Amino acid sequence: MYTITFYSFKGGVGRTLSLVNIGVELARTGRKVLLVDSDLEAPGIDTFAELRAPEGQLGLVDYITDYRANYTGSDVVPDASRYLYESPISRSEKRKRLKGKLWVMPAGRQDGHYAARLAGIDWQELYSQQQGFLLFEDLKAQWKDTLAPDYVLVDSRTGHTEVGGICTRQLADAVVLLFFPNRQNLEGLKQVTAAIQQENASRKEKEQIDVVFVPSNVPHLDDEEEILKRSMRDFVRALAPKAPDDIVTIHRYDSLHLVQQAIFVLKHRKSRLAKQYRSLLRRLVQNNVEDRLGAIDYLRRHLAVADAGYIIGPRAHDRVEAILQHHAHDADVCFHAALLYKKLSLFDRAIPWFEKAIGIARSTGKAISPQALIDCAEVRLTRGDKDQAKRDVLESLQRSDLPPYLIGRAVRFLHDADPLAIESAARLPAISQLDEPAVVRVTEYLMASRELLRTSKCILVAWKEAYSQTQDKDDSGWRNQLVLTLIGLGDFGEAVQLLESRIQGESDPDIADVFNYAMASWGLTGQVPLPHLQKVLELDREPGPSDANYEQCLALVLALLGQTQEVRDRIGNARCLIEKIPVPTFSCWRYLTVSNEEFRADLDALGRCLDTGDIAPAFLEHQVQGPPQ
C-alpha cells in the first residue's frame, strides 16, 4: 500500500481534480485504489458523478467523532469499512471501464449536522490525550487489511493546519505539492517542505517521504519575457534544489466540461489535460517500489538519464536495489535493472540479473527475451567469457521474430566470440526466415567495420542459398548490398561479375550500379574506367543535392575526370548535408558506414588529393589476391 497526499497551500489549483483523475487512471489500469477526502472544510471527491456516495454514507469526520465519543483509553477503534464505499464506476458492469478497484472514504455524512460534528473535533486534544497518532496508524492498518489497496490517495486541506500535517507527514509515503508559481505560494510551501524534511530526518532512508512539485493552473502561453522560467527557478532553488527533474506541470485548461466535473482520463482521454495527468501518474508510480509497472518506468527513466550522460546518484542506486528486493522474481524488472547496470558499466551486477531474468523465463515456460540473451552476451564479452556469450547469441537466433537491429547486434557479438560460428548461425531461423529487405537491413548494421564485412558476406550468401527458389524475383536490394560488401572487402572480381549483367546492354542502367561497377573495375584492374565514369555523369539527373553519400560519389567521379571546381562544389554540398542529418552515413571513400566525423575526414582526404593529382580512396587498399571465389 502506497499513500500519496495531494496538498496545496492555496486553493484554485485543481488539487481535487488532479487527485480524482490520477486515482481513476490508476484503477483503470488495473490498480486497487482508495480515495480519502481529508479536505474536511470543503470536501469534494464524492461530488463527482462517477464517485457519488450512497445516501447517508459515513466518512472520516464520522469515524473520528465516533472514536472520540466512545474513547475509554483502550485501543478500541471503529470498523473503518463502515466509513468507506466502493465507487459506482467500480461496481458498474455495464460501464466496465476499470480493470482495478476504486473505493472512496468521503469527508463525512453530508447532513445538517456535518459542520457541528467537524467543529466538535479538538485536534490537539485528540493527539495529546486520546492517542490520535495511534488512531490514524490503526486506520492505515485497516485500509491495508480490509481493502489491500495498491494506492491510497489523500486529498488534504489547504493552508497550515493539523489535518494538513497528518496528511503530509504521518500518512504519506509521497506528497504532491500543487501550486501556482507566485510568491505567496512559495512562502507558504517553505514551511510545509521544511516540516517534511524534518520528518525525513527522523526516518530511515528507505522510509523517506518523496515530494513531487506540480505547478498547476499555469497559463499555456509564450514565456517570451521568461517570467515563468524565473519563477520556477526560484521555486526549485528554494524548495527542491536537489531534485529539479521532479517538476511536472499541469497547464490551465479552459473547458466547460470542468463545470460538469468531468473526469478527463475517462471522458476526454485525448485532451491535453488528460495527457498531463497521465504524465503526472507515471512520475508518481515511479516512486513506488512495489508497483511493478512503476518500477519498470523508474528503471527506464534512469536508463535514459544514464544515456544522456548524467550521473545516477546514491539514492537512485538504493531505490534500484529496493525495487529488485520487491520484484526479484519478475523477469521484466530483472532485465531492466540489468540493462541499467550494464549502461553504468557495473558488469558484475548486470550479469546476475540478466541470468535471473533468463532463468525466470525458463522456469515458467515463457519465451526467453532474445534481447536479454543478446545484452547478456555483450556483457559477458566485456568479462572475457566468449563461450557463454556464444551460447547466448546462438540461443537468441533460434527465434524467427527478431527485428533486424537485434539480429545485427547478435551477429556482431557472435563475430567477437567466435567468427567461425557465423556460417552455421546464418542458417538459424532468425536469419534464414527473413525477407529480402530485412536481411539487407541486418547486413547494413555490419557495414560499420571492415572486420565485419566478411560476416556480412557470409550472411548474404547463406540467405540467398536458402531462398534459391526466389531467383526469378527482383533481388536488387540483396544484390546491391552484396556488391557494397564485396567492394569493401576488396573482392573486386566478384563485384564485377555481379554487376556486369546489370549494366551491359542496358540503355538506362541504374546510376548506383554503374558507379559501383566503375569502382570495382578500378580496384580489379588498377585502371581508372573513364567511360563508366562518364556514364555516371550522364545518368546524374538529380535536380539538386540529395544526400551526402550521393554528393560524395559524384565528387569522386568528377575528381577522377579532372573537373576540379565541380568537385569542390560537390564536397561543399556533402558537408552541408552531413550537418543536417547527423547519423552514420555510407562513405564511398572507404565503402563503410562511418560517423559524421569520419565522413568529413573522407571529404578532406578527397580534397587533398585534388592538390596532388593522386586519387587513392581507402577501399583500394584492401584488394583480395587471386581469382574470384
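Results, tabulated for the structure shown:
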{"read-out": "Most to least packed among 121-134, 561-574, 39-52 [average Cβ atoms within 10 Å]", "value": "39-52, 561-574, 121-134"}
{"read-out": "Contour minus Cα-Cα distance for ARG427 and THR72 (0.36 nm per residue)", "value": "119.8 nm"}
{"read-out": "Most to least packed among 455-464, 252-261, 513-522 [average Cβ atoms within 10 Å]", "value": "513-522, 455-464, 252-261"}
{"read-out": "13 Å tail of the calculated P(r), region 481-521, as % of Cα pairs", "value": "42"}
{"read-out": "Pairwise centroid distance, computed over Cα atoms, of region 156-198 with region 372-437, Å", "value": "54"}
{"read-out": "Chain lengthening between ALA616 and ALA367 when straightened (0.36 nm per residue, less Cα-Cα)", "value": "84.5 nm"}
{"read-out": "27 Å Cα-Cα threshold exceeded, pairs from LYS99/LYS270; LYS99/LYS267; LYS10/LYS270", "value": "LYS10/LYS270"}
{"read-out": "Approximate spin-label separation ARG568-GLU226, in nm, with each point projected 7 Å along Cα-to-Cβ", "value": "4.2"}
{"read-out": "FRET efficiency estimate (nearest 0.05) - Cβ-Cβ, HIS160 to LYS206, R0 22 angstrom", "value": "0.20"}
{"read-out": "Per-residue [θ]222 nm for the chain (sum of -39500 (n - 2.57) over DSSP H runs n ≥ 4, rounded to 500)", "value": "-16500 deg cm²/dmol"}
{"read-out": "q = 0.18, 0.23 Å⁻¹, region 355-464: log10 I(q)/I(0) [Debye, one scatterer per Cα]", "value": "-0.81, -1.26"}
{"read-out": "Within region 508-602: Cβ-based charge dipole about Cα centre, in debye rounded to nearest 20 (Lys, Arg +1; Asp, Glu -1)", "value": "220"}
{"read-out": "GLU321, GLU436, GLU538, reordered so the largest accessible area comes first (probe 1.4 Å)", "value": "GLU538, GLU321, GLU436"}
{"read-out": "Reachable lysines from LYS356, criterion Cα separation under 25 angstrom, eight or more residues apart if same chain", "value": "LYS206, LYS342, LYS343, LYS366, LYS386, LYS390"}
{"read-out": "The chain - accessible surface per residue (Å², probe 1.4 Å)", "value": "47"}
{"read-out": "On Cα atoms only, tilt of 453-466 relative to the major axis of the chain in degrees", "value": "90"}
{"read-out": "Accessible surface of region 198-355, 1.4 Å probe, proportion on carbon and sulfur as whole %", "value": "49"}
{"read-out": "Principal-axis tilt of helix 370-382 within the chain, Cα atoms, nearest 10 degrees", "value": "70"}
{"read-out": "Placed amide H near LYS32: partners under 5 Å, 5+ positions off or other chain", "value": "LYS101, ASP150, TYR151"}
{"read-out": "Calculated from backbone phi, Karplus (6.51, -1.76, 1.60) coupling profile of region 491-503 in Hz, x at Gly/Pro", "value": "7, 5, x, 5, 5, 4, 4, 5, 8, 4, 5, 8, 10"}
{"read-out": "Calculated FRET efficiency for the pair LEU293/ARG82, C-beta based, R₀ 56 Å, to 0.05", "value": "0.95"}
{"read-out": "Accessible area of SER424 in the full protein assembly, 1.4 Å probe (Å², nearest 10)", "value": "70"}
{"read-out": "Other-chain or far-sequence residues with amide H under 5 Å of SER587's (modelled H)", "value": "LEU592, THR593, VAL594"}
{"read-out": "Between helix 60-69 and the chain: long-axis angle, C-alpha atoms, 0 to 90°, nearest 10", "value": "40"}
{"read-out": "Gyration tensor (Cα) of region 387-537, equivalent ellipsoid semi-axes in angstrom", "value": "31, 17, 11"}
{"read-out": "Label-to-label distance, nm, for residues given as THR525 and ASP435 (7 Å Cα→Cβ offset)", "value": "4.0"}
{"read-out": "MET232, MET105, reordered so the largest accessible area comes first (probe 1.4 Å)", "value": "MET232, MET105"}
{"read-out": "Nitroxide proxy distance, nm - points 7 Å out along Cα→Cβ at VAL583 and ASN596", "value": "1.3"}
{"read-out": "Which labelled figure in (1) 26.2; (2) 27.7; (3) 29.7 is Kirkwood radius over Cα pairs in Å, once derived from the coordinates", "value": "(3)"}
{"read-out": "Where ASP611, ASP491, ASP508, ASP150 fall by accessible area, highest first, once all protein chains stay in place (1.4 Å)", "value": "ASP611, ASP508, ASP150, ASP491"}
{"read-out": "Fraction of accessible area attributable to carbon and sulfur, region 46-157 (%, probe 1.4 Å)", "value": "48"}
{"read-out": "For SER81, solvent-accessible area (1.4 Å; no DNA, RNA or ligand), Å²", "value": "50"}
{"read-out": "Amide H contacts of THR3 (H built 1.01 Å from N, under 5 Å, at least 5 apart or other chain)", "value": "VAL152, ASP173, ALA174"}
{"read-out": "Modelled label reach - ARG383, point 7 Å along Cα→Cβ, region 313-349 residues with backbone N closer than 12 Å", "value": "342, 346-349"}
{"read-out": "Value of Rg to Rh for region 226-367 (Rh from inverse mean 1/r over Cα pairs, i.e. Kirkwood)", "value": "1.08"}
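The values are calculated or read from the model by the stated rules, or taken from the named source; none is laboratory data. Everything quoted here is computed from the prediction, not taken from an experiment. Neighbour counts run over all protein chains shown; Cβ positions are idealised from the backbone, glycine included. Protein only, heavy atoms only, side chains kept; ligands, DNA and RNA dropped before computing areas. Shrake-Rupley method; radii C 1.70, N 1.55, O 1.52, S 1.80 Å.
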